[in-house]
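Engineer: Quick one: the structure is below, questions incoming.
The values are calculated or read from the model by the stated rules, or taken from the named source; none is laboratory data. Everything numeric in this text was worked out from a predicted model, so none of it was measured. Methodologically, a virtual Cβ is constructed for each residue, glycine included, from the backbone with ideal geometry; neighbour enumeration extends over all protein chains shown. In case anyone asks, the SASA skips ligands and DNA or RNA and just uses the protein heavy atoms, side chains included. Shrake-Rupley method; radii C 1.70, N 1.55, O 1.52, S 1.80 Å.
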Amino acid sequence: MHNYKYTKEDFNILNSYKNLSESLGKYLGENVEIVIYSFENEESSIFFIVNEYLQNRKIGDIISDKDKNILNELLNNGLSYKNNFIESVIGECQKINYSIIRNADEIPIAMIVISWYFDISLINTLKIFIPESMNNDIKDNKNSKSEDIILDTIKKVISSVDKDEVGPSVYNKTIIKKLFSQGIFEFKEAVQLVSNYLNISHHTVYLHLRSIKKTKKSN
């Protein structure tokens with residue numbers, strides 16, 4: 001479908017999806033990447049993108065091989081959309097929706113891809129759906145619900161680390177690094193719960209966190 005020549009109507013449709021993508025990006029938050037692929041130029045496929053930093057992509061970039069394969073699958077089978085759930089070898093998860101955009105003549109003119117990255121920050125995801133006035137109360141809340149969230153996340157992270165067969169010398173640090181990336185330590189009680197679960201001192205947890213933050217700043 002690449003090298004398709006757009007009409008004025010086609011551009012109007014794409015611009016309407018651009019506006020919708022901006023709105024969805026504000027609604028769904030920084031864990032979600034939204035990409036609109038143009039069919040006009042294969043060498044400059046990305047017509048618009050929201051939260052481009054998630055995959056370090058920008059407007060004008062070429063379509064990724066993964067998305068191109070899905071696009072061909074949809075077009076070859078006459079499908080309008082497809083949902084995928086992807087888990088990487090390091091346990092990072094994405095829920096992705098691919099949808100074909102058609103004009104009034106039912107001609108495919110673009111594809112919109114919405115990718116939800118579950119492992120970036122649990123807290124950031126929760127904040128999007130909670131009024132700002134409630135955020136401080138939630139951070140300070142030490143009820144069982146927050147503990148359940150932390151403990152459930154710890155178990156999932158440990159499971160993913162165990163699958164990767166991480167060496168004992170970096171085992172705890174790898175777990176803490178993954179928990180940090182998911183925003184778990186924004187809960188005040190997280191350090192104590194993590195230290196108890198891993199059977200290490202809270203000083204050790206803080207030591208790993210300082211090392212992780214230092215490495216992140218240097219990058």
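Engineer: Quick test of your reading of the structure: Glu42 fulfils all but one of (1) farther than 23 Å from Tyr117 by Cα; (2) loosely packed, with under 12 Cβ neighbours inside 10 Å. Name the failing condition by number.
Structural biologist: Among (1) farther than 23 Å from Tyr117 by Cα; (2) loosely packed, with under 12 Cβ neighbours inside 10 Å, Glu42 violates only (2).
Engineer: For the range 171-201, give me the residue count where each residue is open to solvent by 70 Å² or more (accessible area, probe 1.4 Å) and either in contact with a strand residue (DSSP E or B) (Cβ under 8 Å, 6 or more places away or on another chain) or more than 23 Å from Tyr117 (Cα to Cα) (or both).
Structural biologist: Of the residues in the range 171-201, 5 are open to solvent by 70 Å² or more (accessible area, probe 1.4 Å) and either in contact with a strand residue (DSSP E or B) (Cβ under 8 Å, 6 or more places away or on another chain) or more than 23 Å from Tyr117 (Cα to Cα) (or both).
Engineer: Please work out if Glu43 is out of contact with any Pro (no Cβ under 9 Å at 6 or more places or on another chain), of a type in the set (Asp, Glu) and outside any loop (DSSP other than H, G, I, E, B).
Structural biologist: When the stated conditions are applied, Glu43 passes them.
Engineer: Tell me yes or no: at least one residue of the range 131-147 is open to solvent by less than 50 Å² (accessible area, probe 1.4 Å) and either in contact with a Gly (Cβ under 9 Å, 6 or more places away or on another chain) or modelled with pLDDT of 90 or more (or both).
Structural biologist: Scanning the range 131-147 turns up no residue that is open to solvent by less than 50 Å² (accessible area, probe 1.4 Å) and either in contact with a Gly (Cβ under 9 Å, 6 or more places away or on another chain) or modelled with pLDDT of 90 or more (or both).
Engineer: Another question, if that's okay. Go through the range 164-194 and give me each residue that's over 15 Å from Ile149 (Cβ atoms) and outside any helix (DSSP H, G or I).
Structural biologist: Passing the criteria: Asp164, Glu165, Val166, Gly167.
Engineer: What residue, among those in the range 53-75 that are of a type in the set (A, V, I, L, M) and part of a loop (DSSP other than H, G, I, E, B), is least open to solvent (accessible area, probe 1.4 Å)? Steps first, answer last, please.
Structural biologist: The initial filter retains those residues of the range 53-75 that are of a type in the set (A, V, I, L, M), namely 54, 59, 62-63, 70-71, 74-75.
Add one more test, that the residue is part of a loop (DSSP other than H, G, I, E, B), and what stays is 59, 62-63.
Details: Ile59: 99, Ile62: 87, Ile63: 8 Å².
Filtering first and then ranking leaves Ile63.
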